[in-house]
Amino acid sequence: MAFSYKTSFADALAALRREGRYRVFADILRERGAFPKAGLHDPDSSYTDNKGKPITVWCSNDYLNMGQHPKVLAAMHEAVDAVGAGSGGTRNISGTTHYHVELERELADLHGKDAALLFTSGFVSNDATLSTLAKVLPGLIIFSDELNHASMIEGIRHGGTAKYVFRHNDMEHLEELLKAANPAAPKLIAFESVYSMEGEFSPTEAICDLAEKYGALTYIDEVHSVGMYGPRGAGVAARDGTMHRVDIIEGTLAKAFGVMGGYIAASAELVDCIRSFAPGFIFTTSLAPAIAAGVLASIRHVKSSDVERTKLAERAAALKARFAAARLPLMHSKSHIVPLMVGDAALCKSVSDSLLKDHGIYVQPINYPTVPRGTERLRFTPSPAHSDAMMDALVEALVIVWDAHKIARAA
């Protein structure tokens, strides 16, 4: 009897649905200049025009609204008009334009490093860099925070090298592992600056101290902090005064900078090794020139303007205060990320669905494997464009939905 592929696929999807973890993509259309307002395209909706049902987006990673900034849009239009759409190849085969070269110089300057290297996404930059380091440094031991992003975990796994996972932000545990490792072996500590599902910061100074004590390289993922913290938006390490002590800085161009892509910034020799040996860099078409041009304009603006960063911090604080006043289960967070604990996958999805269907509020449920089972949550990302009126409407809707689902609120 032949293997039933169709049944296997169906069974795998059915298991996701039973657990409440099946992911449904909201088909939305942002309107230029009106973010966080958008239109939801739903075949069951009575809205039939091109804009769809009006909704407010509360879970975008376009943290500073730079994806809507006139400078960014103008730069992208200008690049399309000047050189066309795609790059035409890999970086080695006709895909390096002057936009790419300028952008890498700008990123190196942002982080005070010799060089930078562009990738097609933040996921790829983590995966390609960490896996390649394991091959370039024979015997490398990687020490990874237990809450590191899936892209970092995949990169370490693909490298096939020795790995030790330390408890989240636990410096005593990290030192125990470092102390027990072969003193002569090359070592690397991989961690994030802002953990995006918790909103927690990492202790960058303590990590750098341990790295120097035990002869390890440091690798920081600044994806959820670059643009938003530190002088010129260079990230948490810059804010903490440790940027010069971190060997490899990885970041994204798709969140605070509002476009897409990923990168690393490090010494000239290290960047050249990744450029020369990483399959995830060598064998993929480079970013479209218009994307590189848009990011370049975004970074230059964010470097010189504190307006967006200041407004974001104020808006995040305002939303946290409203959640606390409404006795909603706000998770402790010192960053711009504002999570509410639900603790059950099916319930989390039901709450999200109710908010979208009944109140026009879009916030995606965060379930396993993004977070551990039993810690399912809603993750809100207020931006400079979220008004007091939007926040008040959000809290009112949350209280209604929370109580309708019989979810306990704080005393």
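The values are calculated or read from the model by the stated rules, or taken from the named source; none is laboratory data. These figures come from a predicted structure and were not determined experimentally. FYI the Cβ positions are ideal-geometry reconstructions off the backbone, even for glycines, and counts take in every protein chain you see. Please note that ligands, DNA and RNA were not included when accessible areas were found on the heavy atoms of the full protein model with its side chains. Shrake-Rupley method; radii C 1.70, N 1.55, O 1.52, S 1.80 Å.
Residues of segment 109-122 that are closer than 18 Å to S286 by Cα and surrounded by 21 or more Cβ atoms within 10 Å (Cβ to Cβ): A116, L117, L118, F119, G122. When segment 349-383 is filtered for residues that are under 19 Å from A150 (Cα atoms), open to solvent by less than 20 Å² (accessible area, probe 1.4 Å) and either β-branched (V, I, T) or in contact with a His (Cβ under 9 Å, 6 or more places away or on another chain) (or both), only V371 remains.
Filtering G251, G262, G227 for residues that are small (G, A, S) and under 19 Å from P384 (Cβ atoms) leaves a single hit, G227.
Output the residues belonging to segment 158-168 that are in contact (Cβ under 8 Å) with a residue 24 or more places away in the chain and either touching a helix residue (DSSP H, G or I) at 6+ places or on another chain (Cβ under 9 Å) or β-branched (V, I, T) (or both).
The answer is H158, G159, G160, T161.
Of the residues L147, L177, L188, the single one that is in contact with a helix residue (DSSP H, G or I) (Cβ under 9 Å, 6 or more places away or on another chain) and either closer than 21 Å to F123 by Cα or among the hydrophobic types (A, V, I, L, M, F, W, C) (or both) is L188. Name the residue that is surrounded by the most Cβ atoms within 10 Å (Cβ to Cβ), counting only residues in segment 211-226 that are in a helix (DSSP H, G or I) and in contact with a strand residue (DSSP E or B) (Cβ under 7 Å, 6 or more places away or on another chain). Among them, the one singled out is A211.
Scanning segment 354-383 for residues that are in contact (Cβ under 8 Å) with a residue 12 or more places away in the chain, of a type outside the set (S, T, Y) and assigned to a helix (DSSP H, G or I) yields a total of 4.
Taking the criterion of being in contact with a strand residue (DSSP E or B) (Cβ under 7 Å, 6 or more places away or on another chain), closer than 14 Å to S87 by Cβ and β-branched (V, I, T), the residues of segment 261-316 that qualify are T284, T285.
N92 meets all of the listed conditions (1) free of Cβ contacts under 8 Å to residues at least 24 places away in the same chain; (2) open to solvent by 50 Å² or more (accessible area, probe 1.4 Å); (3) closer than 15 Å to R275 by Cα but one, namely (1).
Please verify whether F191 is open to solvent by less than 10 Å² (accessible area, probe 1.4 Å) and within 19 Å of T370 (Cβ to Cβ), treating the condition exactly as stated. Yes; evaluated as a whole, the condition is true for this residue. Of all residues in segment 144-156, those being open to solvent by 10 Å² or more (accessible area, probe 1.4 Å), touching a strand residue (DSSP E or B) at 6+ places or on another chain (Cβ under 8 Å) and in a helix (DSSP H, G or I) number 1. Can you confirm whether segment 178-185 contains a residue that is part of a helix (DSSP H, G or I), open to solvent by 20 Å² or more (accessible area, probe 1.4 Å) and not β-branched (V, I, T)? The answer is yes; a qualifying residue exists.
Pull up segment 163-177, narrow it to residues that are part of a strand (DSSP E or B) and in contact with a Leu (Cβ under 6 Å, 6 or more places away or on another chain), then point me to the one that is least open to solvent (accessible area, probe 1.4 Å). Spell out the reasoning first.
As a first pass, look at segment 163-177 and keep what is part of a strand (DSSP E or B): 163-166.
Still in the list and also in contact with a Leu (Cβ under 6 Å, 6 or more places away or on another chain): 164, 166.
Details: Y164: 105, F166: 2 Å².
The qualifying residue least open to solvent (accessible area, probe 1.4 Å) is F166.
For M76, the criteria (1) in a loop (DSSP other than H, G, I, E, B); (2) within 30 Å of A268 (Cα to Cα); (3) open to solvent by 30 Å² or more (accessible area, probe 1.4 Å) hold in every case but one, which is (1). Taken as a whole, segment 384-395 holds no residue that is open to solvent by 20 Å² or more (accessible area, probe 1.4 Å), farther than 22 Å from G39 by Cβ, touching a residue at least 24 places away in the same chain (Cβ under 8 Å) and touching an Asp or Glu at 6+ places or on another chain (Cβ under 8 Å). Residues in segment 227-264 that are assigned to a loop (DSSP other than H, G, I, E, B), open to solvent by 40 Å² or more (accessible area, probe 1.4 Å) and in contact with a Leu (Cβ under 8 Å, 6 or more places away or on another chain): 2 in all.
Taking the conditions (1) more than 20 Å from V295 (Cβ to Cβ); (2) touching a residue at least 60 places away in the same chain (Cβ under 8 Å); (3) aromatic (F, W, Y) in turn, Y229 satisfies each one other than (1).
Sub-6 Å Cβ pairs linking a first residue in segment 21-43 that is over 20 Å from S387 (Cα atoms) to a second residue that is polar (S, T, N, Q), at least 6 apart or interchain, are R21/N367, ordered by first then second residue. Can you find a residue that is open to solvent by 50 Å² or more (accessible area, probe 1.4 Å), in contact with a helix residue (DSSP H, G or I) (Cβ under 7 Å, 6 or more places away or on another chain), under 30 Å from K311 (Cα atoms) and assigned to a helix (DSSP H, G or I) anywhere in segment 61-68? Taking every residue of segment 61-68 in turn, none turns out to be open to solvent by 50 Å² or more (accessible area, probe 1.4 Å), in contact with a helix residue (DSSP H, G or I) (Cβ under 7 Å, 6 or more places away or on another chain), under 30 Å from K311 (Cα atoms) and assigned to a helix (DSSP H, G or I).
Within segment 297-353, the set of residues being small (G, A, S), part of a loop (DSSP other than H, G, I, E, B) and without any contact (Cβ under 8 Å) to a residue 12 or more places away in the chain comprises S305 only.
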